[in-house]
Amino acid sequence: MFALVDCNNFYASCERAFQPWLNNRPVAILSNNDGCFISRSSEAKALGLPMAAPEFKYRNFCKEKGIAVLSSNYPLYGDMSSRVMNILGTFTPDMEVYSIDEAFLKFDGFQDYDFNTYGKEIQYKVEKCTGIPISIGLAPTKALSKVANKIGKKFKEKTGGVFVIDSEESRIKALKWTKIETVWGIGRGNLKRLQSQNVKTAYDFTQLTDEWTKKQMGIIGLRLKKDLEGKPTLGLDDDTRDKKAIATTRSFESTYSDIDNIQERISTFAGSCAEKLRAQKSSCNMVLVFLRSDKHKKNDLQDRSSTYVTLPFATDSSLTITNHAVQAVTSIYKKGIKYKKAGVIVTGLVPTNARQLDLFRRENPKHGELMKVMDKINHKYFNKIKIGNQDLQRTWKMRQEHLSPKYTTNINDVIKVK
């Protein structure tokens, strides 16, 4: 049996856990730099606030409707996610953290359990210990647990947020209710192919032949179909979720015209990419760097330059990647341009333990050990170690005018009881 555990309105729920005045009030969370809305509570959705809408266009709308607007507080969300996952791990040893607010659980050897009761027990403990409400879908396969979760969440008054697909009758009924465009793993390309076959629901999809599915959607599509038929083909950590490219891009808090500030930003972005590479145990063969001027300032000189560097060997070293990124941005920098945005993208990723070695050129062997120590210290002390050409006094230059305190990760922000 599999379970998909999904935190309800996760970002808003994290804020509500420490700010009870937000309960039952519409809440919207902004992206980096307070640019657009990336998360909305159910109340905000009901009022018609669109996802990804620019904040400045809906500023008055939010004031009129009483929507509480907050900057994204990732240290808080990351810590609360870790607490939720730790609790979930006490209910089964087999768990896959799927995203910051979702996890799959697998229950082998739980044949005698009443999963509806067990799901309610999980739900109660998570909410009691963290204040985060969750929905749980349980079913014989991962894909069906996704379907069950949607039903549990959609019909919360009837299901209490926990729904179990445990019979052929309930599986068919759930699939007939599920629209094909909402099925996990059905992208736009496959959706067009399925709609051309008059497939409207997940049940219609399971009625197609295996031959057609494999030919049109590949082996991944066929595995999804089997999973929806109740035949497990997807295990925990069974998908290749490692990224094929990693990007760190940001808008500056103001425009920069000098090369020193731009090099510092690029160095920081490249260091972030290298850290993410090491986290997924990958190395890159190519670094792409770009610069953008402020397109909204029509009277200023405009520039949208980019360049890439092919590295002499695959690497995950912050030192190597940063040096090449800084050289690259220096080559495309134009004096007199007011730059507003920059970014670094590392691509050509290969597993670090399977990278091609070169007889004459290779990474300095000291870098590997140095990066391990650097990552360990940064993880423990929250990014205290930086490359020499990075600004030691700042992390991200983000506009966060509505930022809540870091209640669980900063000792100065811990709630005080009077």
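The values are calculated or read from the model by the stated rules, or taken from the named source; none is laboratory data. All values derive from a computational prediction rather than experimental measurement. Cβ placement follows ideal geometry from the backbone for every residue including glycine, while neighbour counts extend to all protein chains displayed. Keep in mind that these areas ignore ligands, DNA and RNA; they rest on the heavy atoms of the full protein, side chains included. Shrake-Rupley method; radii C 1.70, N 1.55, O 1.52, S 1.80 Å.
Observations
- You will find that of Asn323, Asn299, the residue that is under 21 Å from Ser272 (Cα atoms) and open to solvent by 70 Å² or more (accessible area, probe 1.4 Å) is Asn323 and no other.
- Output for segment 181-211, where each listed residue is among the aromatic types (Phe, Trp, Tyr) and either open to solvent by less than 30 Å² (accessible area, probe 1.4 Å) or under 28 Å from the mean Cα position of the chain (by Cα) (or both): Trp184, Phe205
- Residue in segment 252-260 that is without any contact (Cβ under 8 Å) to a residue 60 or more places away in the chain, part of a helix (DSSP H, G or I) and among the β-branched types (Val, Ile, Thr) present: no
- Taking every residue in segment 146-172 that is under 17 Å from Asp101 (Cα atoms) and touching a residue at least 40 places away in the same chain (Cβ under 8 Å) and pairing it with any residue that is assigned to a helix (DSSP H, G or I) and open to solvent by less than 20 Å² (accessible area, probe 1.4 Å), at least 6 positions away or on another chain, the pairs with Cβ-Cβ distances below 8 Å are Val147/Ala174; Val147/Leu175; Val147/Ala202; Val147/Leu228; Ala148/Ala174; Gly161/Gly152; Val162/Gly119; Val162/Gly152.
- Residue list for segment 112-141, filter: in a loop (DSSP other than H, G, I, E, B) and open to solvent by less than 10 Å² (accessible area, probe 1.4 Å): Ile132, Thr141
- Residue satisfying all of: in segment 142-180; hydrophobic (A, V, I, L, M, F, W, C), open to solvent by less than 20 Å² (accessible area, probe 1.4 Å) and assigned to a helix (DSSP H, G or I); nearest to Phe205 (Cα to Cα) among these: Ile180
- Pairs where the first residue, in segment 383-410, is farther than 28 Å from Val373 by Cα and in a loop (DSSP other than H, G, I, E, B) and the second is open to solvent by 60 Å² or more (accessible area, probe 1.4 Å) and at pLDDT below 80, C-beta under 7 Å, 6+ apart: Arg399/Glu253
- When segment 358-382 is limited to residues that are in contact (Cβ under 8 Å) with a residue 40 or more places away in the chain and more than 28 Å from Gly78 (Cα to Cα), the one that is surrounded by the most Cβ atoms within 10 Å (Cβ to Cβ) turns out to be Glu363.
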